[in-house]
Amino acid sequence: MSLTLGLETTCDETSAAVVADGVRVCSTVVRSQIDLHAKFGGVVPEIAARAHLEILNAVIARAMEEAGVTAEQLNGVGVANCPGLIGCLLVGVAAAKALAFAWEKPLVGVNHVHAHLYATRLQQGTEIDVRPPAELWPALGLVISGGHTSMYWMDGFTQVRRIGSTIDDAVGEAFDKVAQILQLGYPGGPLVEQLARSGDPGAIQFPTSLLGRESLDFSFSGLKTAVLYYVNGSKGIQRDASALSRQELADVAASFERAAAEVLAAKCRRALDRQPAKSLLVGGGVSANGTIRTKLLDLGRELGLQVFLPAPIFCTDNAAMIAGLAAHELQSGHQHGLNLPVLATV
């Protein structure tokens, strides 16, 4: 059995995990910073980096304890070194380098966004999914989160080519901004989804953008603005969300959610029309949204395509996906030295 320790500090979750054989999650510890950033309505990079520094050692110790493993039993240390907030990345990468050096273990830097796609392979408990990875390829990958909305062509978990991305707001960012417009609070995604459950998704036909006929890029700025104009008035701020009834707010949330899901499915369909695939892999925090999951699963059934979604616990940022992809990299013969860089963008 191969054991890998993973570290995740790209944004506002401090996480460590131990994964066996690149698939079975032995432990996963995540410390959220929501309370620190809620009053600002979003993540403050300096506060996030300092919080990682304060808590990371304790999170690592907890993950090792819960997995019941020692440093000697580990086969490698994986860490997210890109993309993300530069100060946050530095904390995690410095810790991983120190541990790899002290424990004399291989070090693997992992692309955090690619790891979201690998999260579809993670298993909890004692059973390991033995489905041959070859059955997945070629695959279309879709990462939907607060910072990323990107589409990839994949011939393997280490053979990933980006074919589309957002030109403005990521879909998760749009959820957060709509939550602000509706005066729901932070983080916005779960709050919008909760409100939308009692709304009519067909109540409001918000305009959406698919960009050009051939484009595989995304744009959610217009959808967000359409919600703003609907709630506040098209000629400036004539009112705010407090002027709407609870049912009207729920209808706005449900209609926005439906429109966002339709855009994501339409772009996947466009990519698959251009080049067939055996599967669709979806990851990122927004992949936990029930409406979006249903829409993409429906697309898969319509096209006769396997759709793989992470378990909800592995949708948001977590170190288990980092450890899993790092193990896969090690198995493929890839590792890095102590000069591993951090990259805010890739």
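Evaluate segment 312-326: report whether one residue or more is at negative phi and surrounded by fewer than 21 Cβ atoms within 10 Å (Cβ to Cβ).
Restricting attention to segment 312-326, the residues satisfying the condition of being at negative phi are 312-326.
Then drop every residue that is not surrounded by fewer than 21 Cβ atoms within 10 Å (Cβ to Cβ), which leaves 312-313.
Yes, the conditions are met somewhere in segment 312-326.
Number of residues in segment 169-217 that are within 28 Å of residue 240 (Cα to Cα) and either of a type in the set (Val, Ile, Thr) or touching a strand residue (DSSP E or B) at 6+ places or on another chain (Cβ under 6 Å) (or both): the value is 7. Number of residues in segment 213-235 that are part of a loop (DSSP other than H, G, I, E, B) and modelled with pLDDT under 95 equals 5.
Residue count for segment 236-289, restricted to those that are more than 22 Å from residue 216 (Cα to Cα) and in a helix (DSSP H, G or I): 14. Residues of segment 124-138 include none that is under 16 Å from the mean Cα position of the chain (by Cα), at pLDDT 95 or above and not in a helix (DSSP H, G or I).
When residue 185 is tested against the conditions (1) closer than 21 Å to residue 4 by Cα; (2) part of a loop (DSSP other than H, G, I, E, B), the lone failure is (1). Restricting attention to segment 298-311, does a residue exist that is out of contact with any Leu (no Cβ under 9 Å at 6 or more places or on another chain), surrounded by fewer than 21 Cβ atoms within 10 Å (Cβ to Cβ) and not acidic (Asp, Glu)? Yes: one or more hits. A residue that is closer than 30 Å to residue 121 by Cα and either of a type in the set (A, V, I, L, M) or touching a Lys or Arg at 6+ places or on another chain (Cβ under 9 Å) (or both) occurs nowhere in segment 245-253. Here's a check for you: in segment 180-212, which residue that is farther than 19 Å from residue 149 by Cβ and either among the aromatic types (Phe, Trp, Tyr) or modelled with pLDDT under 95 (or both) is surrounded by the most Cβ atoms within 10 Å (Cβ to Cβ)? Here the answer is 186. The set of residues in segment 150-168 being in contact with a strand residue (DSSP E or B) (Cβ under 8 Å, 6 or more places away or on another chain), closer than 27 Å to residue 223 by Cα and not basic (Lys, Arg) consists of 150, 151, 152, 153, 163, 164, 165, 166, 167. Of the residues 172, 164, 147, the single one that is in a loop (DSSP other than H, G, I, E, B) and either out of contact with any helix residue (DSSP H, G or I) (no Cβ under 6 Å at 6 or more places or on another chain) or in contact (Cβ under 8 Å) with a residue 40 or more places away in the chain (or both) is 147. Filtering segment 103-115 to residues that are in a helix (DSSP H, G or I) and in contact with a helix residue (DSSP H, G or I) (Cβ under 8 Å, 6 or more places away or on another chain) leaves 103, 112, 114, 115. Figure legend. Inter-residue proximity from segment 19-38: first residues on the phi > 0 side of the Ramachandran plot, second residues assigned to a loop (DSSP other than H, G, I, E, B), beta-carbon distance below 8 Å, spacing 6+ or different chains. Indicated pairs: 21/1; 21/2; 21/128; 22/2.
Regarding segment 245-256, can at least one residue be identified that is assigned by TED's automatic domain parsing to the domain that holds residue 147 and closer than 24 Å to residue 115 by Cβ? Within segment 245-256 (the criterion being assigned by TED's automatic domain parsing to the domain that holds residue 147 and closer than 24 Å to residue 115 by Cβ), the answer is no, since none of the residues qualifies. Among the candidates 51, 94, the residue that is surrounded by fewer than 21 Cβ atoms within 10 Å (Cβ to Cβ), at pLDDT 95 or above and part of a helix (DSSP H, G or I) is uniquely 94.
Mind listing whichever residues of segment 214-253 are touching a helix residue (DSSP H, G or I) at 6+ places or on another chain (Cβ under 9 Å) and closer than 26 Å to residue 272 by Cβ? Of everything in segment 214-253, those that are touching a helix residue (DSSP H, G or I) at 6+ places or on another chain (Cβ under 9 Å) and closer than 26 Å to residue 272 by Cβ turn out to be 214, 215, 216, 217, 218, 219, 220, 221, 223. The sole residue among 209, 255, 234 that is touching a Pro at 6+ places or on another chain (Cβ under 9 Å) and farther than 27 Å from residue 317 by Cβ is 255. Within segment 69-86, residues that are free of Cβ contacts under 8 Å to residues at least 40 places away in the same chain reach partners that are not acidic (Asp, Glu) with beta carbons closer than 7 Å, at six or more positions or on different chains, in the pairs 71/103.
The values are calculated or read from the model by the stated rules, or taken from the named source; none is laboratory data. Here the structure is a predicted model, which means the values were calculated and not measured. Neighbour counts are summed over all protein chains in view; Cβ atoms, including those assigned to glycine, are modelled from backbone coordinates with ideal geometry.
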